[in-house]
Amino acid sequence: MLYQALDTRYDKISYRQCGHNGLKLPAISLGLWYNFGDTDSHEKGRKTIHKAFDLGITHFDLANNYGSPPGSAETNFGRILIRDLKPYRDELIISSKAGYYMWPGPYGEWGSRKYLVASIDQSLKRMGLDYVDIFYSHRPDPNTPLEETMSALDFIVRSGRALYVGISSYSPEQTKQAAAILRDLGSPCLIHQPRYNMFDRWIEEDGLLQTLSEEGIGSIVFSPLCQGILTDKYLNGIPVGSRADKEKGKMNWQDRVSKSRIAKVRKLNEMAKERGQSMAQMAIAWTLRKKEVTSALIGASQTVHVESAVQALDTLTFNFEELNTIDSILAEK
């Protein structure tokens with residue numbers, strides 16, 4: 001069946017200015033890291049993307065290595081784009097990144113000009129695009145001069161491969177340096193993509209949020225739900241077939257789904273109920289309470305997850321007592 005976007009798609013979601021730049025992003029963005037590879041249901045992913053756009057989520061976030069196998073998320077998104085979303089291309093913000101391992105040899109990861117330019121060309125081919133809206137350096141490279149990495153991003157913009165550039169997981173000092181280089185080159189840093197959630201507050205503690213404010217850079221935070229921990233999914237143990245069940249032994253899942261951590265989530269969940277929200281909705285709203293946060297980047301395996309995330313925008317404010325209670329719960333040993 002031919003997809004036609006809802007006429008009401010801009011009625012339910014808010015859009016935020018990305019730092020001191022002209023671009024606005026939806027308060028909720030959809031990441032295609034985990035559920036859009038060849039090992040996942042293509043039709044399920046297609047319906048999820050349809051639902052997201054129908055609710056006003058215009059930003060779809062990818063990277064060269066997303067999906068299983070790596071690259072398959074971009075390929076599958078490209079198929080959906082051509083089949084369903086091509087008429088709406090000018091309404092979409094499509095982002096990709098490069099920095100992690102993608103192919104063998106010395107030019108298949110990190111931040112060299114060789115790798116970044118080759119990566120964006122491959123990503124454009126996989127998605128069937130002439131350009132992406134945002135292209136990121138996915139992680140800082142300790143062995144490549146920052147000037148080379150930023151110069152490559154500037155070249156990617158000037159060659160028409162991307163409209164804006166960003167960085168991900170850079171420290172405050174690295175962010176300042178990268179922003180200064182890009183500003184001098186004439187391709188200002190639009191956005192930073194850091195990890196941020198109730199259990200991981202490094203961007204507050206290390207001063208990144210203050211740096212972003214000073215530099216006029218927007219931010220889009222990934223893992224606002226701590227990969228599902230900040231939901232009601234694990235309150236009664238690890239469900240069979242869940243991500244934590246499938247990935248036992250990987251990515252420190254045993255630490256993430258610890259008894260003490262879930263005990264905190266139970267208390268937070270009761271607080272969320274008092275606010276008229278689900279645990280996931282409160283966790284998303286909590287990340288968006290910071291003015292420096294432009295958008296919260298969610299992953300979703302079902303359309304109901306997208307609907308629930310957008311409903312979080314109905315209650316974004318926290319009073320002083322609520323914030324203190326959350327801090328007290330998180331500080332418990």
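Where a number appears in this text, it was derived from the coordinates with a stated rule and is not lab data. Keep in mind that this is a model prediction, so the values were computed, not measured. Note: ideal-geometry Cβ built from the backbone for every residue, glycine included; neighbour counts use all protein chains shown.
Would you compute the Debye intensity of segment 1-66 from its alpha-carbon atoms alone, equal scatterers and no solvent, and pass along log10 I(q)/I(0) at q = 0.20, 0.21, 0.27 Å⁻¹ to two decimals?
Cα-only, vacuum Debye calculation for segment 1-66: -0.89, -0.95, -1.17.
Give the residue from V157, P140, Q281 lying farthest towards the positive end of the charge dipole for the chain; charges sit on Cβ (+1 for Lys and Arg, -1 for Asp and Glu) and the dipole is referred to the Cα centre.
Q281
Using a Cα-Cα cut-off of under 19 Å, which lysines could be cross-linked to K264, ignoring same-chain neighbours fewer than 8 residues away?
List returned: K233, K273, K333.
Local charge sum around I93 (other residues, Cβ-Cβ under 11 Å, Lys/Arg +1, Asp/Glu -1)?
-2
For the cross-link pairs K176/K259; K47/K176; K44/K176; K44/K291; K51/K125; K86/K290, which exceed 32 Å when the distance is taken from alpha carbon to alpha carbon?
From K176/K259; K47/K176; K44/K176; K44/K291; K51/K125; K86/K290, over 32 Å: K176/K259; K47/K176; K44/K176; K44/K291; K86/K290.
Which whole-number percent gives the relative contact order of the chain, counting Cα pairs below 8 Å spaced six or more residues apart?
For the chain, the relative contact order is 19 percent.
Set the Förster distance to 45 Å, then compute FRET efficiency between L235 and S68 from the Cβ-Cβ distance, nearest 0.05.
The pair L235/S68 has a calculated efficiency of 0.95.
Would you mind listing how long segment 1-114 runs along its three principal axes, going by Cα atoms, in whole Å with the largest first?
That works out to 48, 40, 21 Å along the principal axes.
Of L208, L330, L23, which is farthest towards the positive pole of the chain's charge dipole, taken about the Cα centre with +1 and -1 on the beta-carbons of Lys, Arg and Asp, Glu respectively?
L330
Which order, highest average first, do 275-281, 88-94 follow once you tally other Cβ atoms within 10 Å for each residue and take the mean per peptide?
The densest-packed peptide leads the list: 275-281, 88-94.
Between S258 and K114, what is 0.36 nm times their sequence separation minus the Cα-Cα distance? Round to one decimal in nm.
47.7 nm
So if I place +1 on the C-beta of Lys and Arg and -1 on the C-beta of Asp and Glu, and nothing else carries charge, what would the dipole magnitude of segment 63-151 be about its Cα centre? I want it in debye, nearest 20.
Dipole about the Cα centre, nearest 20: 300 debye.
Going by alpha carbons, how many degrees (0 to 90, nearest 10) lie between the helix axis of 259-274 and the longest principal axis of the chain?
Relative to the chain, helix 259-274 is tipped by roughly 80 degrees.
So for H138, H50, H192, fewest C-beta neighbours within 10 Å to most, what's the order?
H50, H138, H192
So if I place +1 on the C-beta of Lys and Arg and -1 on the C-beta of Asp and Glu, and nothing else carries charge, what would the dipole magnitude of the chain be about its Cα centre? I want it in debye, nearest 20.
That gives the chain a dipole magnitude of about 760 debye.
Can you tell me the length gained on complete extension of the stretch E147 to K291, counting 0.36 nm per residue apart and subtracting the Cα distance?
Additional length available on full extension: 48.9 nm.
Scale the Cα Rg of the chain by the rule-of-thumb value 2.2 N^0.38 Å and send over the ratio, two decimals.
With N residues counted in the chain, Rg over 2.2 N^0.38 Å equals 0.97.
Where Lys and Arg each count +1 and Asp and Glu each count -1, what net charge lies around E109 among other residues with Cβ under 10 Å from its Cβ?
0
Given charges of +1 on the Cβ of Lys and Arg and -1 on the Cβ of Asp and Glu, with all other atoms neutral, how large is the dipole of segment 97-193 about its Cα centre, in debye to the nearest 20?
Value, rounded to 20: 180 debye.
Compute the distance from the alpha-carbon center of segment 6-60 to that of segment 201-231, in whole Å.
Their Cα centres are 19 Å away from one another.
Scale the Cα Rg of segment 41-80 by the rule-of-thumb value 2.2 N^0.38 Å and send over the ratio, two decimals.
Rounded to two decimals, the normalised Rg is 1.16.
Run through every distinct alpha carbon pair of segment 287-333 and return the Kirkwood hydrodynamic radius in angstroms, one decimal place.
12.7
Sort L23, L212 by Cβ crowding within 10 Å, fewest neighbours at the top.
L23, L212
Describe numerically, in nm with one decimal, the distance between label points set 7 Å from Cα along Cα→Cβ at D200 and at Q302.
Simple spin-label model gives 2.5 nm for this pair.
Relative contact order for segment 77-161: what percent, with Cα pairs under 8 Å and sequence separation of 6 or more?
Reported as a whole number, the value is 35 percent.
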